[in-house]
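To keep things clear, I will list the structure first and then write my remarks on it.
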């Protein structure tokens, strides 16, 4: 078992900066998700931790040991690849055994560990088959079993579920969580899917353009995004951002007013779709454009003073496009954002 | 509808007609030539071929050449292909330079090496300058079979390794890099990765390269002819001699049939020995 320390890692490709002076600590046994849109540098960071890519500057420590200059095989980690990378010319058994064989483990030990890992991932019936005979989900299990068989100190996963169909992804997600919980392996998990990150991770690092925008527990990230980007990227539907003029320390729009502490004359209110109540009178005027029944809620898309907004209301609410509703956001759950730099500011109320 | 169904056949018709006229018909004629004597079926031509002084020699030489050249070429091409894979910049330029010999006809290649290795060639000039020999050495004479053989091997390797390289480079590019990366993560060093991952996954390409090169190596002629005349008899060289010198196209056809049979046998052996079962394919 080992924690990971990423110390001022920077990666440049020619003039382009993929990662900017990134510092990050992953606790021993922690499950950390690197979440971000494609091109944000999350996979590059993972590959630098693995040693498959070389950082331009900075250092990586695994279990207190400086591994910055070591080849991947000397870093004591295992990895699951997006396209599985299960060797096609070896049986499932030999795939799972690969890491142990490379370490020169005795046959009895190999057998024991392969059977343990195969049991965890429920692939015992396929051990003698070749990967070409397996479905995508089964291959993914083989890839995870191969990683767990070596009992790694650190497990790296690069979008491991993105090639699976939606239903299988949900199933594998909960299974992964229970397997990794019981093994207590330090895990770094790259994904662009915020539901996956929310569901799996102890902490999430949200990355954007080569920097970490925020790192926190999933719920905290959801409720208190540090930047407009995080609010917009985490959660579905994304957070609403409504610009409000500020006068005499009050942000005011329609009949809604809330004290704020800002020197600017405009402020952005970040409001989650479910943190809004429909009231009889007052509040924010909302013109409904589209109604989407989602089963558990009715999602309304419309405009508040010309700005796009989404509101989740009770599924049995009677609303039609063209209606005007009055909205009352719950004040304690609004995230106030400085429109100039996109950063959240301290709560006034 | 009918037109649409006929269209594919119409489109492949020219190529088919071309091949039937210029390949199948001559093949049948060659077989007929080889197995007929004065219009009757007979093995006379084969008997004449087998009874010739150069027959055993040419078979021995051809096989010796194939056994020396093919493994050397496969090993060299593998090393070169792996080296090219490691290059970031200038990869295309290096590949381009390495495959230049592909554009040179085998006779021209033979003449190039003749210019190097003959009595007053470049090789002797250099040796003379270094003071290693007194006068011109005849490397390609029938009295120096070893140096003659080495000369032919050198020319063949120089000329025909590039085609093996091209096939192997194409094959390597088909192997997703994640396999190598996964092996690296799980503890495999460079040599183990090559042996356990690259080589097995490259097997279909190696098979193609071996078949192509071996078939062509059994047909070796122009390079040998340029360097040695008939001092180093090979099978196709004998066919040529029977056709043009002895004016006996029956025996020449028998040689052609023999070369074809050997090539077919080699191909069958490669296909069997290097088979990749479908379940082990990516």
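With neighbours defined as other Cβ atoms within 10 Å of a residue's Cβ, the residues B:195, A:146, A:324 order from fewest to most as A:324, B:195, A:146. Relative contact order, whole percent, for chain A stands at 16, derived from Cα pairs under 8 Å and 6 or more residues apart. Any chance you could check the Cα centroid distance between segment A:163-179 and segment B:36-85 for me, in angstrom? Segment A:163-179 and segment B:36-85 have Cα centres separated by 59 Å. Test of understanding: in a Gaussian network model of chain B with alpha carbons linked when under 10 Å, which of B:216, B:72, B:27 would top the mean-square fluctuation ranking? Greatest mean-square fluctuation among the candidates belongs to B:27. In segment A:1-141, the inverse of the mean reciprocal separation of distinct Cα atoms equals 17.1 Å; this is its Kirkwood hydrodynamic radius.
The order of A:40, A:291, going from fewest to most other C-beta atoms within 10 Å of their C-beta, is A:291, A:40.
Note on chain B: Kirkwood hydrodynamic radius from all Cα pairs is 22.1 Å, rounded to one decimal. In plain terms, the residue of A:56, A:301 with the fewest other Cβ atoms within 10 Å comes first and the most crowded comes last, giving A:56, A:301. Between segment B:201-271 and segment A:1-52, the alpha-carbon centres lie 58 Å apart. Using a Gaussian network model on chain B with a 10 Å cutoff between Cα atoms, which of B:223, B:17, B:251 fluctuates the most? Taking springs between Cα atoms under 10 Å, the residue moving most is B:17.
Compute the angle between helix A:136-149 and the longest alpha-carbon principal axis of chain A, please, reported from 0 to 90 degrees and rounded to the nearest 10. The two axes meet at around 60 degrees.
Contact order for chain B, expressed relative to its length and based on alpha carbon pairs under 8 Å spaced 6+ residues apart, stands at 27 percent. Segment B:128-147 and segment A:206-284 have Cα centres separated by 89 Å.
Per-residue shielding of A:129-136, expressed as the average number of other chain Cβ atoms within 10 Å of the residue Cβ, stands at 2. Its relative contact order, with pairs defined as Cα atoms under 8 Å and 6+ residues apart, puts segment A:237-337 at 31 percent. For the pair residue B:158 and residue B:38, a Förster radius of 56 Å applied to the C-beta separation gives a FRET efficiency near 0.80, rounded to the nearest 0.05. Peptide A:84-92 has a mean of 6 when you count, residue by residue, the C-beta atoms of other protein chains within 10 Å of its C-beta.
Using Cα atoms only, what is the angle between the long axis of helix A:107-120 and the major principal axis of chain A, expressed in degrees (0 to 90) to the nearest 10? Once rounded, one gets 20 degrees. Restricting the calculation to Cα atoms, segment A:237-337 shows an Rg/Rh of 0.97 when the hydrodynamic-style radius is the Kirkwood one.
Semi-axis lengths, largest first, of the ellipsoid equivalent to segment B:63-213 are 37, 16, 15 Å, with √(5λ) applied to each eigenvalue of the Cα gyration tensor. Inter-chain Cβ neighbour count for B:185-196, averaged per residue, equals 6 (cutoff 10 Å, partner chain atoms only).
Shape analysis of chain A yields a ratio of the Cα radius of gyration to the Kirkwood radius, Rg/Rh, of 1.07.
Within the listed set B:32, B:183, B:162, the Gaussian network model of chain B (springs between alpha-carbon atoms below 10 Å) gives the highest mean-square fluctuation for B:183. Think of it as helices only: each DSSP H run of n ≥ 4 in chain B is worth -39500 (n - 2.57), and spread over all residues that comes to -23000 deg cm²/dmol at 222 nm.
Nearest 10 degrees, 0 to 90: what angle lies between the long axis of helix A:92-102 and the longest principal axis of chain A (Cα atoms)? Result, in degrees: 70.
Helices in chain A, meaning DSSP H runs of at least 4 residues, each add -39500 (n - 2.57). Divided by all residues, the mean residue ellipticity at 222 nm is -7500 deg cm²/dmol. Pair-distance distribution of the protein assembly as shown: all C-alpha pairs, bin width 20 Å, starting at 0; shares per bin in whole percent are 15, 31, 27, 18, 8, 1. Would you work out if segment B:47-145 is rounded, prolate or oblate? Take a ≥ b ≥ c from the square roots of the eigenvalues of the alpha-carbon gyration tensor; rounded if a/c is under 1.5, else prolate when a/b is larger than b/c, oblate otherwise. Oblate, because a/c is 1.5 or more while a/b does not exceed b/c.
The numbers here are math on the coordinates, done by the rules we state, and not lab data. As the structure is a computational prediction, the values presented were derived from the model and not from experiment. Cβ coordinates were reconstructed from backbone atoms using ideal geometry, including for glycine residues, and neighbour counts include every protein chain displayed.
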